[in-house]
Amino acid sequence: MIIGLDVGGTHTDGVLIGDGAILAQVKVATDTGNLFDCVWACLDKLTANVEPGAISRAVLSTTLTTNAIAEGKLEKIGVVVSAGPGIDPANFQIGSHYYCVSGSIDHRGREVQPLRAGEIEEIADIFLAQNIRRAAVISKFSVRNPKHELEMARILSRACDIVVAGHSLSATLNFPRRIVTAWLNAAVHPIHKLFFEAVKQSLKSKGFEIPIYVLKADGGTMSFEASINAPEQTIFSGPAASVLGALPFASRQGDTLVLDVGGTTTDIAVFAHGTPLLEPLGGEVSGRKTLIRALKTSSIALGGDSCVEVVDGDLRIGPCRFGSALAYGGSHPTPTDALFVLGKAHSGDVDAARRGLGLVSDRLETGLEETARLVLALSCRKILRAAREMIEEINGKPVYTVKELLGGYKVNPTEILVLGGPAPYLAPLIEEASGIATCAVPQWHVTNAIGAAMAKNTSEVTLFADTERGLALAPEEEFSRPIAKDFDRKAALRLACELLHAKCLKAGASSECENDLEVVEDSQFNMVRDFCTVGRNIRVRVQTRPGLIEECRYLSQSFFNCCVLPECI
Amino acid sequence: MLSSRNKIGLVFFPAFDWAIDATHPEREERLLYTQDQVFEEGLLDIEGIVEFKPDIATVRDIQRVHFCVPDELGVTTQSHLISAGGAKKIGSEVCERNIARGFALVRPPGHHAMRVVHGARGFCNVNIEAIMIEYLRHAYGVDRVAIVDTDCHHGDGTQDIYWHDPDTLFISVHQDGRTLYPGTGFTSEYGGPNAAGTTINLPLPPRTSEEGFLYVLENAILPILDEFKPELIINSAGQDNHYSDPITDMNFSAHGYAELTSRLKPHIAVLEGGYSIESALPYMNVGIILALAGLDYSQIGEPDYNPEQLRQGPEITRRIEKVVEESLSIWKQGPQIRQNNRHQGKFFSRERHIFYDTDRIIETQRESVRACPDCGGLLVIDSRADRGSRILAVHIPRKACAKCREAGYQTFDSTGMEGFDRIFIQDRTTDEYFFRK
């Protein structure tokens, strides 16, 4: 049996899955002030009457780190950057303990200007004096040569308990994003560690010594142990949980559009042949661009609780939201009220919904039910327009080879999956508006928790080799090795796959993980100087994609069977 | 967070799978380190800097500019179409006012490609700036355009294409042709009889440094642009004036290029040459992008940049001042020369040999232009390549008068095929292109 648990902004959902069915499901209101009690209440209910030995794993997706950032409840972090020539690093200041120091490394990873140890020592003294116990160190091109970051970390370790080095978090070239990512890692480190140790301890005291996994923003899981040093990966795992929950129902052949209709917003994601698409570089956290691997999602300010109004004779929905629907005691008419008017929803104040939408229909000079239909149709059109824009953006992403430009893959959805409260009612309307086969995801109330439960590990390894420098480097793995002149792309790929395999196992993947290794980047350039080839410049990136763990891959049929879809409009 | 003062667009197309040949300067590796530097600096994340996917130029786009022998696809690869399409994309976005300025960081380059194309010369097959400009004129009704070519090599292809066009100002600043390929670009080359003075050449002595380039900019280029009043300024932004470039002999720098870009304020910059792929291009391209965006570039520099060491000698300064003086005087005389020529109503002819170094072809050309008081003048080119093809090409300019147009069709219709493999006509008044064979 598997536990999946998703702490959302308003509700915390949990499911217990086993024998191809949902054995138990819980929904409690989220208490942001005390996430632990809330998580524990859920776990307690799910594990009631369950043999401790029967549970094989528990996967948690929480808003813990997300909330901490939103509320600014973070520890003070010292940030030290070494940039060298380029954009003034003062532009990337984050936090109030930000220091720029000497030193420079070039694009090939060669040291141009050494660090000045004295400068770092002085900063260490300041950190000691100000009681700054956590720091992030970042140097430009550290992913080509981590020397300066390692040196800074070594000196600062006399003042700080934890020093995060940028190169260990991502091998992607992007200095400003590396700064933000390292800062986030250091900032959420303590709360993440404290929380999950408490969860593990509590389960243990109840006799459940089960492996705990944490959901990441890219829709993959990592073991609790692996998460301790990568807590930034858990920020914004919420959308990933829902998207993963839709995955069992997606076709493996064509492309799928996933629409998660919430109260305030609708989140949009895309599967290409059954694999969720990722952000090219990383997600955004509180308006700051990062290198945190994240699912590609787009959000439109339109949901079941969006305000419906008439402006200059035109119907308008969103982007504002004023509490819940009238049917649930809110103050403004909403698309949810339209469902009540049409008799598709019952457990609320139907009369309030009719009264509120009645005012809208008066102003439109249309019948009440017709108005309700107009509201839902417009909502669907707006969501679809946002989805089309997102697909255009994905297909418009620049590529750098002739081959890809002429023959590159273009996303073209052949099916739509809808989740969230009003999913079954909206699905036929979306199908009508888009002309694309649309269905509501079964168990749409707890898709997120199911998604968390079923998610498998994702890992990535980037290897950079320069035969002129005689070096192969996988910065995130702290791996470097001398290589011979004849080291080539094939050897690099082999090496990267070995490193990835080891990484996957360490992060809690099953041993079958090599079955879905994917090569994301595989390029080799001859380096020519004075008309002679002097070496090869090789860049290789391999990953395991987000997806479902083996035992859950064929669950979709049984979920369909045990779930009765409501009658559609 | 950084945000750009001007909304700018970038097309970055390094063609990582295309080379002239494995060790040629124009090879896969050329923009690899530029990519690394641009990515690592996070330039594409800056608010107001947008990256576009290149368009793919069409055969029709090429036919507005060139006479390709035997035809367009015979002398280009997909990479050329993408490179020209990259420039076209940036131009369109500027004309649509989606961006204020843009930079097509594309390869292969194009500024050595002339109106008639038998093959590749100076690493260029088709002229990507001219293809863009003629597309913008066709699609957006742009009229007056200025091209400032800052590649170290004389932009002889662009000069050839606009030699007879009084509405296109072509200014080339480059290393003196006596010391570098293609061996042209002297102040005495100032345009055809109907367009005298709208070609300006500024040949600079070897080892010209930042000071010299900026002097030329302030004292010749900017004042001339001011008077010409173009709707669009295009910079053929070759980067081989750099002190570390392996195939040239100048002392320009990344900081200098950024400064030049910031003062020139081109609407569209298009990458041309530049083969110091590790020591110069990464820093120069970052500098140019920041300068276009209106952001601070003062801390951009090569690891070994030392302005004191690069300073030019007084003799170089004197020679540059003389070049500037000469070109200003030509610019001033231009209108009078045009006036004198145009009323003669006859055909002016010139005969030339054109060397295609990349493809090793020698072309012999006889070019005749009708001196015309009312338009750019009918242009007829009889061209023979030593590999055997001979063609006759008739070009009717964009704003041709009825007389020139009529004469053009008459030449096309009445010339017999004897001796010619193909006879072309390019009618820019109707945007049509035909050939007989």
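Quick note: the coordinates plus some simple rules give every number you see, no bench work behind them. Keep in mind the model is a prediction, meaning the values are calculated, not measured. In this analysis, Cβ positions are derived from the backbone assuming ideal geometry, glycine residues included, and neighbour counts consider all displayed protein chains.
Would you list, by chain and number, the lysines whose Cα falls below 17 Å from the Cα of A:Lys73, excluding same-chain residues fewer than 8 positions away?
Partners found: A:Lys193.
What is the mean number of Cβ atoms from other protein chains located within 10 Å of the Cβ atom of each residue in peptide B:96-107, rounded to a whole number?
Partner-chain Cβ atoms within 10 Å, mean over residues of B:96-107: 0.
For a footprinting-style exposure proxy, rank A:Cys38, B:Cys124 by other Cβ within 10 Å, fewest first.
Ascending Cβ contact count within 10 Å gives the list A:Cys38, B:Cys124.
Rounded to the nearest Å, what's the spacing between the alpha carbon centres of segment A:1-51 and segment A:255-284? Just the number, please.
24
Could you quote the convex hull projected area for chain B, Cα atoms only and averaged over all directions, in nm²?
Across all orientations, chain B yields a mean hull projection of 19.1 nm².
Against the globular-protein guess of 2.2 N^0.38 Å, express the Cα radius of gyration of segment A:454-502 as a ratio, rounded to two decimals.
Against the empirical 2.2 N^0.38 Å value, I get 1.26 for segment A:454-502.
Which of A:Met454, A:Thr30, A:Leu156 sits closest to the plus end of the dipole of chain A, meaning its Cα is farthest towards the positive end, when Lys and Arg get +1 and Asp and Glu get -1 on the C-beta?
Result: A:Leu156.
Report the rotationally averaged projected area of chain A based on its alpha-carbon convex hull, in square nanometres.
With the hull built on Cα positions only, its mean projection is 28.9 nm².
Residue by residue through segment B:278-294, which ³J(HN,Hα) values in whole Hz follow from phi under the Karplus form 6.51 cos²θ - 1.76 cosθ + 1.60 (θ = phi - 60°), with glycine and proline marked x?
Using θ = phi - 60°, the values come out as 9, 8, 10, 3, x, 7, 5, 5, 4, x, 5, 4, 4, 5, 4, 6, x Hz.
Where the convex hull is taken over the Cα atoms of segment A:460-544, what is its projected area averaged over directions, in nm²?
Average projection, Cα convex hull of segment A:460-544: 5.3 nm².
Taking every residue in A:140-148, how many Cβ atoms of other protein chains lie within 10 Å of its Cβ, on average?
Mean inter-chain Cβ contacts per residue within 10 Å come to 1.
Among the listed pairs A:Lys296/B:Lys88; A:Lys27/A:Lys456; A:Lys147/B:Lys265; A:Lys289/B:Lys265, which are separated by more than 32 Å between their Cα atoms?
Exceeds cut-off: A:Lys147/B:Lys265.
Can you pull the one-decimal nm distance between simple spin-label points at B:Leu214 and A:Glu71, each 7 Å off the Cα toward Cβ?
Using points 7 Å along Cα→Cβ, the separation is 5.4 nm.
On full extension of the chain, what length is gained from A:Lys193 through A:Glu468, given 0.36 nm per residue of separation minus the C-alpha to C-alpha distance?
Answer, rounded to one decimal: 94.8 nm.
Over what distance in Å are the Cα centres of segment B:138-214 and segment A:134-188 separated?
Each part's Cα centre sits 49 Å from the other's.
If neighbour count is taken as other Cβ atoms inside 10 Å, put B:Cys152, A:Cys100, A:Cys42, B:Cys401 in order from fewest to most.
So the residues, fewest neighbours to most, are A:Cys100, B:Cys401, A:Cys42, B:Cys152.
Note down the relative contact order for chain B as a percent, whole number, built from C-alpha pairs under 8 angstrom at least six residues apart.
Reported as a whole number, the value is 14 percent.
Take the Cα atoms of segment B:346-436, build their convex hull, and give its volume per residue in Å³.
Once divided by residue count, the hull of segment B:346-436 is 104 Å³.
With θ taken as phi - 60° and the coefficients 6.51, -1.76 and 1.60, list the Karplus ³J(HN,Hα) couplings across segment A:88-99 in order, rounded to whole Hz; mark glycine and proline as x.
Per residue, the Karplus-derived 3J(HN,Hα) values read 4, x, 4, 5, 9, 3, 9, x, 9, 10, 10, 10 Hz.
What's the FRET efficiency of A:Glu551 with B:Asp296 using the Cβ-Cβ distance as r and R₀ = 56 Å, to the nearest 0.05?
E between A:Glu551 and B:Asp296, to the nearest 0.05, is 0.50.
Restricting to Cα atoms and excluding each atom paired with itself, what does the Kirkwood estimate give for the protein assembly as shown in Å?
About 31.7 Å for the protein assembly as shown.
Add -39500 (n - 2.57) for each DSSP H run of 4 or more in the protein assembly as shown, then divide by its residues: what number comes out at 222 nm, to the nearest 500 deg cm²/dmol?
Mean residue ellipticity, 222 nm, calculated: -10000 deg cm²/dmol.
For segment A:94-222, what are the per-bin percents of Cα-Cα distances with bins 5 Å wide, up to the bin holding the maximum?
Distribution as computed: 2, 10, 17, 19, 17, 12, 9, 7, 4, 2, 1, 0 percent.
I need the shape label for segment B:112-228. Rule: rounded when a/c is under 1.5, else prolate if a/b > b/c, else oblate, with a, b, c from the alpha carbon gyration tensor.
Oblate, since a/c reaches 1.5 and b/c is not below a/b.
In whole Hz and in residue order, list the ³J(HN,Hα) couplings for segment A:50-62 that follow from phi through the Karplus curve 6.51 cos²θ - 1.76 cosθ + 1.60, θ = phi - 60°; x for Gly and Pro.
Rounded to whole hertz, the list is 10, 5, x, x, 7, 9, 8, 6, 10, 10, 10, 10, 10.
What is the list of residues in segment A:60-87 whose amide nitrogen lies under 15 Å from a point 7 angstrom out from the Cα of A:Ser202, following Cα to Cβ?
Only A:60-64 fall inside the zone, counting backbone N under 15 Å.
Ratio to report: Rg/Rh of segment A:252-441, with Cα atoms as the point set and Rh obtained by the Kirkwood method; give two decimals.
Over the Cα atoms of segment A:252-441, Rg/Rh equals 1.04.
What number, in percent, do you get for the relative contact order of chain A if the mean sequence gap of Cα pairs under 8 Å and at least 6 apart is divided by its residue count?
This gives 13 percent for chain A.
Could you list B:Phe348, B:Phe67, B:Phe39 in order of exposure, starting from the residue whose Cβ has the fewest other Cβ atoms within 10 Å?
With the sparsest Cβ surroundings first, the list reads B:Phe348, B:Phe39, B:Phe67.
Using only the alpha carbons of segment A:162-241, determine the length spanned along each of the three principal axes and report them from longest to shortest in whole angstroms.
For segment A:162-241, the Cα spread along each principal axis is 46, 28, 16 Å.
Round to a whole angstrom and tell me the spacing of the C-alpha centers of segment A:360-393 and segment B:295-374.
Each part reduced to its Cα centre gives a spacing of 61 Å.
Within a 10 angstrom radius of each residue's Cβ in B:36-47, how many Cβ atoms of other chains show up on average? Whole number is fine.
That average works out to 6.
Evaluate the relative contact order of segment A:77-188 (contact order divided by residue number), counting alpha-carbon pairs under 8 angstrom at least 6 apart; express in whole percent.
It rounds to 28 percent for segment A:77-188.
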